[in-house]
Each structure stands twice: as C-alpha cells, then as structure tokens.
1. From the backbone phi of the range 347-356, what are the Karplus-calculated ³J(HN,Hα) couplings (6.51 cos²θ - 1.76 cosθ + 1.60, θ = phi - 60°) in whole Hz, Gly and Pro given as x?
2. Quick query: amide H of Gly236 versus all other amide H atoms, modeled in the peptide plane; which residues come in under 5 Å with a sequence gap of 5 or more or a different chain?
3. For the chain, give me every cysteine whose Cβ has no other Cys Cβ within less than 4.7 Å, ordered by residue number.
4. Going 7 Å from the Cα of Val185 along its beta-carbon direction, which residues of the range 302-336 have the amide nitrogen within less than 15 Å of the resulting point?
5. Under the 0.36 nm per residue contour assumption, what length would be gained going from the current alpha-carbon distance of Thr147 and Val296 to full extension?
6. With respect to the cross-link table entries Lys96/Lys142; Lys142/Lys173; Lys105/Lys129, which display a Cα-Cα separation exceeding 26 Å?
7. Only four residue types carry charge here, +1 at the Cβ of Lys and Arg and -1 at the Cβ of Asp and Glu. Report the dipole size of the chain about the Cα centre in Debye, rounded to the nearest 20.
8. Which FRET efficiency value, to the nearest 0.05, do you get for Gln76 and Gln38 by plugging their Cβ-Cβ distance into 1/(1 + (r/R0)^6) with R0 = 45 Å?
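Bear in mind these aren't lab numbers, they're just calculated from the coordinates by the rules spelled out. Only a predicted model underlies this, so the values are computations on that prediction, with no experimental measurement involved. Please note: Cβ atoms are built from the backbone with ideal geometry, for glycine as well, and neighbour counts cover all protein chains shown.
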Amino acid sequence: MTTTVRYANNRPAVSLEETMTLPARYYTDPEVFQRELQAVHLDMWLHAGRTEQLPDAGSYFLVRFAGVNVIVLRDQNGDISAFHNTCRHRGTLLCKEHQGTIPGKIRCPYHAWTYDLEGNLVGAPHMEKVEGFRMQDHPLGKVAAATWDGHVFINLSAQPVPFAEHLAGLDRKFAPWGMADLKCVERRVYHAKANWKLIFQNYSECLHCPIAHPLLNKLSHYMSGDNEPPQPTYLGGRMDLREGVQTLSMNGLSNRPPFPGISAEDRQRVYYYAFLPNFLLNLHPDYMLTFQLWPVAVDQTEIVCEWHFHPDAIAKPDFDPSDAVDFWELTNQQDWELSDRAQEGISNHGYQPGPYSNREELLFGIDRWILERLARRQ
C-alpha cells in the first residue's frame, strides 16, 4: 500500500504590501531593459560555457548577446582567457564562427593586424610611420574570465568582484557532483518571447507544476524540499524524488548509476539553483542539466540547454540519454509557453501588480534584487 505524503505550507508568512509583483515597465520597457543590462549583465559574472569546449590551445567559442561579442579561448599556456571580439585598428570583427580553433594567432581579415593567444598585438602592417605608435599599447580588450568545476564564467565589468564572492560557497556545496568530469551529450537552443526575469521566476517556483507539469509532479511532489533564503548572487533549493523514483526521466527510472561522490540523501533529491543573472543549474542523482539565459530584447530571451553525464555512464554500450532529454524537452516546452503567456499578459493594458504567495519567496527575492541593482546606477 502506497503511503501518501502530505506537505504543509510551513514557510514564513508574508505581508501583502511587501510581496506585490513589479509594474509592467520592468518587463516591457526597452529603456528599463537597457538599464538592467548595464546594472546586471555588464557588471556581474556570466556563465559562458564549459572547459570541455576548449580542449586545446587556440580552441575558442563566442559569447554574443545584446551588443556583446566576446572571444573565450584557451591560450598557449593552457589558461582560459576572454577578449572583446573587435580589432584595435578599426573595430572589425575578428572571429565570425561561433566556435572553432585559431591556428596560433588571431589575424584580422580586414588589414591583417595580428594578435597572439594572450591578446598581445604582434603585427600591425603599415604603421611604421605613425609617430608614437607602439604595439604594446593596443592589445585586445581584456575580459575577466574564471573557471569553476568545469564551468567557464566571464565578467565585462572594469572592476569585477572576486569570483569567489560570486560563488558564495556553492563551490563547496556542489563539489561532490564532480561537475568538471561530466560531458555534454545534448544541446538545444530555445527562443522565448519573454523577458529574461520571467524565465528566472518560472524556474524558481513549482506551484505551477501540478497544472503545467503533471509528469514532473508525479515524480517529485511540488511541495517537497526547501529553498535557501535569496542571496545577492544566487537563488535556489532542492526538491525530493518520490518513493521508488530514481531520477527525473520519462518513467522515473535510470540505468545509470548515481554520481559516485554524492550522499545517499542526495540520491533522492534534485537541486535547482539560479546563478544570477544568466545560469540555471539542475543537479540530478545521475546527470546535470544547465541553462544559459541570454537577453536579446526586453521581450526576447535565448536559452541554451545542455545535458551532461558521467563519462563512465557514457562509455557503457547501452548508454541512452533520451529518457532524461525527452523529459526535460517536454518540461522546457511547457515552461517556455508559460513564460511567453506571462509576457503577453503583463504587456496587456489591463495588467496590474498582484500578490505573491509566501511560497514564492524566491520570486519577490528576484524583484528586490533587480530593484537594488538598478538603484545603484541612479
């Protein structure tokens, strides 16, 4: 006989005045969107990709969004660096393909200004009679870069906060998953017709799960688990798998073993963490799901979703990731439709701010965070 687990709403009560949703302009006004880019995306650490995308010296990929174009590459010393993708001569785009390998040096296709993989200008034709010109004065524009357990981050600020402050101890919390060892086996790109904050808000609550995600709720009760209090650089918490469920897949089962470093308790949990402002991390017992959110316009967001597995599981003859891929493809499409509808509704002339539930504490945490970031720039 199956025992029904009942979950009480035991999170703290909140007052109505403190938990109203934001006015429509925060989701619909292009001017507010531009202010957010300056206060948030051009100031904070952004998830750029994975170290496995840069296997050799000269390997690179591009980060492109809302006027930003950055080359992330592995240099001759094996270090990961990042540079603005623009020549210091007349601003020409240096790398056009999204990813590839640079054969030794970065050469501008327009006038052949040439840079080494550390960003130093090493060739500048026809500049020999320009008095005062020195090649060392014109390196590529440097962008701060950092790595964490297989993840690559960049920061476009002139004075970035230390990356350790951004992680705020989550590097220790998630060390048992050994994320650096995991390999991407599936990548899908989605285009949501929604403001980037709406994607974060949808991700950060599961009160919609019984209605929108019946399969997810069948495997993991929407009231299970708990959230951490909102933090300046991240939001997150966990949910528990139901009895007999091994992972989030189409049937709740998996022929992959759990990650070797995680505890018995974490074999029955899924962690959902949003690293502000562009990275969503889902840690399952047997695979990692990641999302990058790239703001394109006030009502447009590009979402890059990747499925990562342990190499030992991948090496098995019967390895088949489709159970996890199909589960999240279904769930993703449900979420993007909800986010698109939220954008349409908020854009409606009749929209008025409404009250959050006390179980949506991460959502009004996002609102307070964005208001605080914008206030710094006034």
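1. Each residue's phi maps through the Karplus curve to give 6, 5, 4, x, 5, 9, x, x, x, 7 Hz.
2. Amide H neighbours of Gly236: Glu228, Ala274.
3. Cys95, Cys184, Cys305, each lacking another Cys Cβ under 4.7 Å.
4. Counting only backbone N, you get 306-329.
5. 51.2 nm
6. Correct reply: Lys142/Lys173.
7. Approximately 580 debye in magnitude.
8. After rounding to 0.05, the efficiency reads 0.85.
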